[in-house]
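The values are calculated or read from the model by the stated rules, or taken from the named source; none is laboratory data. These figures come from a predicted structure and were not determined experimentally. No Cβ is skipped: glycine too gets one built from the backbone with ideal geometry, and neighbour counts run over all protein chains shown.
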Amino acid sequence: MAIELTVEYKRLNAFFADYTKNIGRGGTFIRTDKPLPIGTDFVFRLVVPTLAEPLRLHGRVQWIVGPGQASDEQPPGMGIGFVYSNEAERSRIATVVEGLMSEQLGRPLCEKLLGLRRPRE
């Protein structure tokens, strides 16, 4: 049986903050007192306001912080690396998120947050 994790964002700004801080680098951190074992593969669903369907990604637990190892600076949880089946899948997810950010925040701010540069014309 496949493991499926769902992370639901109630506010769009919370998703944008996580994306620019963690998710855009190919993974994310999920706070939990019950992290899965390192190497566990699963389906990861990101429920984002204004998107008709959740973003479905495959993930793999890369590292964990157990409750006994946690601190104020590092809460308990697990570091997730996204596993893309191909470059097209990775590009599709990036395009969806960048479009959403551009629509909500405006292109200049989106490019600044994501570190994108437009070619000079």
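If you go through region 68-104 one residue at a time, how many are out of contact with any Cys (no Cβ under 7 Å at 6 or more places or on another chain) and surrounded by 11 or more Cβ atoms within 10 Å (Cβ to Cβ)? Going through region 68-104 one residue at a time, the tally reaches 23.
Annotation note: Cβ proximity below 8 Å between a residue of region 84-101 that is part of a helix (DSSP H, G or I) and a residue that is of a type in the set (Val, Ile, Thr) and exposed (fewer than 14 other Cβ atoms within 10 Å of the Cβ) (sequence gap 6+ or interchain) occurs for 100/50. So for region 58-71 (the condition being in a loop (DSSP other than H, G, I, E, B), in contact with a strand residue (DSSP E or B) (Cβ under 8 Å, 6 or more places away or on another chain) and within 30 Å of residue 104 (Cα to Cα)), does at least one residue qualify? Taking every residue of region 58-71 in turn, none turns out to be in a loop (DSSP other than H, G, I, E, B), in contact with a strand residue (DSSP E or B) (Cβ under 8 Å, 6 or more places away or on another chain) and within 30 Å of residue 104 (Cα to Cα).
Each residue in region 43-64 was checked for being at pLDDT 85 or above and in contact with a Gly (Cβ under 6 Å, 6 or more places away or on another chain), and 3 of them qualify.
Close Cβ contacts (under 9 Å, 6 or more residues apart or on different chains) running from residues in region 69-81 that are without any contact (Cβ under 8 Å) to a residue 24 or more places away in the chain and of a type outside the set (A, V, I, L, M, F, W, C) to residues that are surrounded by 14 or more Cβ atoms within 10 Å (Cβ to Cβ) and part of a strand (DSSP E or B) comprise 71/65; 74/65. For region 41-53, filtered to residues that are surrounded by 15 or more Cβ atoms within 10 Å (Cβ to Cβ) and in a loop (DSSP other than H, G, I, E, B), the residue that is farthest from the chain's Cα centre (by Cα) is 51.
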